[in-house]
1. Past the 23 Å Cα-Cα mark, which pairs from Lys55/Lys93; Lys45/Lys87; Lys5/Lys87?
2. Above 16 Å lies some portion of the pair distances; for the chain, what is it as a whole percent of all C-alpha pairs?
3. Which one of Gly38, Pro21, Ala63 is farthest out on the positive end of the charge dipole of the chain, using unit charges on Cβ (Lys, Arg +1; Asp, Glu -1) and the Cα centre as origin?
4. Quick one, what does Rg over Rh come out to for segment 40-105 if you take C-alpha atoms and the Kirkwood Rh?
5. For the chain, what does the accessible surface come to per residue with a 1.4 Å probe? Please give it in Å².
6. Where does each of Met101, Met47 land when they are ordered by accessible area, with a 1.4 Å probe and the largest first?
7. Quick one: which residues, 5+ away or cross-chain, put their amide H under 5 Å from the amide H of Phe20? H built at 1.01 Å from N.
8. Rank His79, His30 by accessible area, highest first, at a 1.4 Å probe radius?
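The values are calculated or read from the model by the stated rules, or taken from the named source; none is laboratory data. Just so it is clear, the model here is predicted, and its values are computed rather than measured. A quick note on method: Cβ atoms are made from the backbone with ideal geometry, for glycine too, and the neighbour counts reach across all protein chains shown. Note: accessible area is taken over every heavy atom of the protein model, side chains too, but ligands, DNA and RNA are not part of it. Shrake-Rupley method; radii C 1.70, N 1.55, O 1.52, S 1.80 Å.
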Amino acid sequence: MIGLKPVDFRGSSLDDLRAFPLAARREAGHQLDQVQHGQEPDDWKPMNTIGQGVKEIRIRDAAGAFRIIYVAKLADAVHVLHCFQKKTAKTRKADLDLAAMRFRDLRKELGP
């Protein structure tokens, strides 16, 4: 049994997650809980364009599509880089750039 990893929200990601509608927020909590326990989320895809080991949790509910970009391969925590509502089929460059910037900052912080 893997120990429970803490969740580290980077930048405004916790506030962004709290802005999700209730059902999407509950689903996000459930998916992050699975990741904390060393399991894969139910619906995810790799986000190698942002960085090695970065993944995106995909949540869809009546209010729309929501995304959580995170990295869990680092031993210390599950790092949530960005949370947002997806408005179009293609993820906005601004969302990808923000997640990539937070990932770079995280890597600098943690060192080699």
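1. Beyond 23 Å: Lys5/Lys87.
2. Of the Cα pairs, 55 percent sit more than 16 Å apart.
3. Ala63
4. Reported Rg/Rh (Cα atoms, Kirkwood Rh): 0.95.
5. Per residue, the chain has 57 Å² of solvent-accessible surface.
6. These residues rank, largest area first, as Met101, Met47.
7. none
8. Ranking His79, His30 by accessible area, largest first, yields His30, His79.
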